[in-house]
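Since the structure comes first, as structure tokens, the remarks are kept for the end.
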Amino acid sequence: MGYDPSYAKYIDHTVLKIATTKETLKKFCDEAKEYGFASVCVNPCNIPYVAEQLKGSTVKVCSVIGFPLGANTTTIKAMETLEAVKNGAQEVDMVINVGRLKDRDFDYVKKDIQAVVNAAHPQALVKVIIETCVLNEDEKVKACQLAREAGADFVKTSTGFGDGGATEADVRLMKDTVGEEMSVKASTGINSRADCDKMLKAGALRMGTSKGILIVKDELV
């Protein structure tokens, strides 16, 4: 099929590795501006630098909250979100407290999400990472319902630090659960145009990947 710039709008160009340097961040920002990706997604300490690099472009600054385990206290997640937005984040991807979800402490999970939503809105969108690889189907559905009730904007499959990534079945289940009220972000394991097409067909609107250029160019790893 070849080069297709229309795919760029689905891509959150993601760079979250532990040893990420400013040189790498600049490379990702330059690529995002060149190809017109939706956002560059980085760890919180890198927001100011990335915001400066992306100033004047259409590319959004995205950051992660409570990442990658989701086990921070609710107060810390909310404070982290406030600082992220202050530093220039326009989108935040938060991790739910998976252990509390599995304990069926749904009130805790909902309030945890809600605290981030309250800290982010209206300045920034909130994407809720449910870490599908460690949840059964009922838990995936419940996590999506709680995210919707808490007023989040997206549900997202994965951190990239778990044992698995996005699947068509999970994306379809998540989209069926949240309906038109929310969007779905597929993340981890989306390494080609074919992978992207599968996720789009299943109902995803965003892709968390470092392989966005390959997807736009329809090249293999």
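No lab work stands behind these numbers, since they all come straight from the coordinates. None of these values were measured; they are calculated from a predicted model. Because the Cβ atoms are built from the backbone with ideal geometry, glycine has one as well, and the counts that use them run over all protein chains shown.
Under the condition of being surrounded by 24 or more Cβ atoms within 10 Å (Cβ to Cβ) and basic (Lys, Arg), which residue from the stretch 116-167 is farthest from GLY66 (Cα to Cα)? Only one residue fits best here, namely LYS156. With respect to (1) surrounded by fewer than 22 Cβ atoms within 10 Å (Cβ to Cβ); (2) under 18 Å from GLU131 (Cβ atoms); (3) touching a residue at least 24 places away in the same chain (Cβ under 8 Å), the lone exception for THR20 is condition (2).
Filtered by the rule that a residue be touching a residue at least 12 places away in the same chain (Cβ under 8 Å), more than 26 Å from ASP170 (Cα to Cα) and assigned to a helix (DSSP H, G or I), the stretch 80-119 gives GLU80, THR81, LEU82, GLU83, ALA84, VAL85, ASN118, ALA119.
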